[in-house]
Amino acid sequence: MGQLPDRGRVLCQGHIESVTFVPADRTPEYSAIVTEDDADRPATASGRGRPPRLRVVWLGRRRVPGIQAGAEIRVEGMLARGKDMPTIFNPRYEILSRQENE
């Protein structure tokens, strides 16, 4: 994810950092922040720094089965550059693993 183009079709993989629910009185939308896994990227000189992030948004949905914090996913779709981070709307996705509830 660290070398995403400005726009175009992309295929990315990472884990879901967080999900966002919208209030019932707003247009349905379900979004998640996908973060690149630390093992897949080189360390920065300081050893710190935020890993690359990508927002994925499903319009018209209040929930997407299997999309929850901690899950590892692969997403594919058209990339749009938002004001704060790259975004894919209504992506194709594959759940690679899920965090088990204990």
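Quick rundown of the values:
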{"item": "Among residues of the range 85-100, those that are charged (D, E, K, R) and at pLDDT below 95, counted", "result": "2"}
{"item": "All positions within the range 53-91 that are under 16 Å from His15 (Cα atoms) and out of contact with any Leu (no Cβ under 9 Å at 6 or more places or on another chain)", "result": "Arg53, Arg55, Val56, Val57, Val64, Pro65, Gly66, Ile67, Gln68, Ala69, Gly70, Pro91"}
{"item": "Residue within the range 50-67 that is of a type outside the set (Ser, Thr, Tyr), part of a loop (DSSP other than H, G, I, E, B), at pLDDT 90 or above and more than 17 Å from Pro28 (Cα to Cα) present", "result": "yes"}
{"item": "Hits in the range 3-24 (condition: in a loop (DSSP other than H, G, I, E, B) and either surrounded by 10 or more Cβ atoms within 10 Å (Cβ to Cβ) or at pLDDT 95 or above (or both))", "result": "Leu4, Pro5, Arg7, Val22"}
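The values are calculated or read from the model by the stated rules, or taken from the named source; none is laboratory data. Remember, it's a predicted structure, so these values are computed and weren't measured experimentally. Cβ atoms come from the backbone with ideal geometry, glycine included; neighbour counts cover every protein chain shown.
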